Amino acid sequence: MKLLHLLPIGNVEDGLLKDLRPVVEDTFRVPCKVLPVRLDPEFAYHGERQQYHSSEILYRMQNFVTADSWRVLGVAAVDLYIPILTFVFGEAQMGGPCAVVSAHRLRQELYGLPSDPDLFRLRVAKEAVHELGHTVNLTHCEDYRCAMAPSHAVEWIDLKESTLCTACRAVAAPSTQVWSARSF
């Protein structure tokens, strides 16, 4: 059976990956394993922006795809960007095996607010489902509650759910295991 591999990128808290594991297992109905290695993202650091280029990280993540991989989801603590945007919460290979999410801008503290660990974990889960959805060829959804709705600001993430809408589940179903309608 194929596995969803979670790849820590940089100094990601082990607890975050352990909390994310059951969410993605339940949502995608595929067993999940946290990889015992970490990817050092320094190769993708661009000093002029003080950020990490997510496309370069995705390319390097190909080295972690194995015969038993369903998908590889990288979870990074660093701030990600692509050249045409100020930042990204994540990036995925459309229809490909790899996706990456950044926890950096999902923390309340970044916005001068008190820490909220539950909200933080929920935001990471929503973005993980979103980016994994792209790997099964899902595009952005017009339903603002769907995990596949676009998020250009953290407030938009808070509006959506960590699950796919009925229409997105129907499109994704041929590419995946059985999808769950559970909400987190």
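The values are calculated or read from the model by the stated rules, or taken from the named source; none is laboratory data. Just so we're clear, the structure is a prediction, and the values are computed from it rather than from any experiment. Positions of Cβ are backbone-derived with ideal geometry, glycine not excepted, and every protein chain shown enters the neighbour counts.
Exactly one residue out of 65, 88, 72, 78 is under 18 Å from residue 25 (Cβ atoms) and of a type in the set (Val, Ile, Thr), and it is 72. Selection of the stretch 1-43 for residues being closer than 16 Å to residue 72 by Cβ, assigned to a helix (DSSP H, G or I), among the hydrophobic types (A, V, I, L, M, F, W, C) and in contact with a Phe, Trp or Tyr (Cβ under 8 Å, 6 or more places away or on another chain) yields only 28. If the condition is being among the hydroxyl-bearing types (Ser, Thr, Tyr) and farther than 27 Å from residue 153 by Cβ, then the stretch 60-91 contributes 66, 69. The residues of the stretch 13-49 that are free of Cβ contacts under 8 Å to residues at least 24 places away in the same chain and of a type in the set (D, E, K, R), listed by number, are 14, 18, 21, 25, 42, 48. Checked against (1) closer than 18 Å to residue 93 by Cβ; (2) of a type in the set (A, V, I, L, M, F, W, C); (3) in a loop (DSSP other than H, G, I, E, B), residue 172 passes all but a single condition, namely (3).
Within the stretch 40-49, track down each residue that is surrounded by fewer than 22 Cβ atoms within 10 Å (Cβ to Cβ) and touching a Lys or Arg at 6+ places or on another chain (Cβ under 8 Å). Walk me through how you get there before you give the answer.
As a first pass, look at the stretch 40-49 and keep what is surrounded by fewer than 22 Cβ atoms within 10 Å (Cβ to Cβ): 40, 42-43, 45-49.
Once the filter is applied, which keeps residues that are surrounded by fewer than 22 Cβ atoms within 10 Å (Cβ to Cβ) and touching a Lys or Arg at 6+ places or on another chain (Cβ under 8 Å), the stretch 40-49 yields only 43.
Has the stretch 158-166 got any residue that is at pLDDT 95 or above, outside any loop (DSSP other than H, G, I, E, B) and under 18 Å from residue 12 (Cβ atoms)? No, the stretch 158-166 contains no residue that is at pLDDT 95 or above, outside any loop (DSSP other than H, G, I, E, B) and under 18 Å from residue 12 (Cβ atoms).
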